[in-house]
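Everything on this sheet refers to the single structure shown next.
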Amino acid sequence: MSGPDEVIHQSMRLKIMATLNPLPPAEPIEFTRLKQILNATDGNMGAHLTTLEKAGYIEVLKDFVGKKPRTRIAMTNTGRRAFQAHVAYLREVLDG
């Protein structure tokens, strides 16, 4: 049995990755929507997204819609593989 992915294993980061996983690779989610789904604060989300981004698991996309800034989040291929491996680890633990 392999061990947990310590980056993903933290509760909020696991929720972030679980929310991003079903989205198609070319379809990022807006920061405000992700924050709303997870019932998180700006600061809490920002800190966890930074950790996931440093690990290469997500990409943070910043642009403008008109003059309004927009931040979107997408899972990378590396993040998708890491999430799948972590889920496999959790299934091993649960199935004993």
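Every number in this text was worked out from the coordinates using simple rules, so none of it is lab data. Computed from a predicted model, the values in this text were never measured in an experiment. Positions of Cβ are backbone-derived with ideal geometry, glycine not excepted, and every protein chain shown enters the neighbour counts.
Specify the residue with the greatest mean-square fluctuation among THR76, THR50, THR41, computed from a Gaussian network of the chain linking alpha-carbon atoms under 10 Å apart.
THR41
As a test of understanding, state the convex hull volume per residue of the range 6-95 from its alpha carbons, in Å³.
On the way: hull volume 8.6 nm³, N = 90.
That works out to 96 Å³ per residue.
Can you give the FRET efficiency to the nearest 0.05 for PHE64 and GLN36, using r as the Cβ-Cβ distance and R₀ = 22 Å?
0.55
Would you mind ranking ASP63, ASP5, ASP95 by Cβ crowding within 10 Å, fewest neighbours first?
ASP95, ASP63, ASP5
For helix 42-54, what angle does its Cα long axis make with the longest principal axis of the chain, in degrees from 0 to 90 and rounded to 10?
For helix 42-54, the angle is close to 60 degrees.
Considering only ARG70, ARG13, ARG80, give the residue with the highest GNM mean-square fluctuation for the chain, with springs between Cα atoms whenever their separation is below 10 Å.
With Cα springs under 10 Å in the chain, the top fluctuation among ARG70, ARG13, ARG80 is at ARG70.
Using only Cα atoms and rounding to the nearest 10 degrees, what angle (0 to 90) does helix 11-20 make with the longest principal axis of the chain?
Its long axis makes an angle of about 70 degrees.
List the lysines whose Cα lies under 21 Å from the Cα of LYS68, skipping any in the same chain that are fewer than 8 positions away.
Answer for LYS68, where 21 Å is the Cα cut-off: LYS35, listed by chain and number.
Pull up all non-local amide H partners of LEU61: gap of 5 or more, or a different chain, and H-to-H distance under 5 Å with H placed in the peptide plane.
ARG72, ILE73, ALA74
Provide ILE37, ILE8 in ascending order of the number of other Cβ atoms located within 10 Å of each residue's Cβ, fewest first. It would help to have the intermediate numbers written out before the result.
Details: ILE37 12, ILE8 23.
In order of increasing Cβ crowding within 10 Å: ILE37, ILE8.
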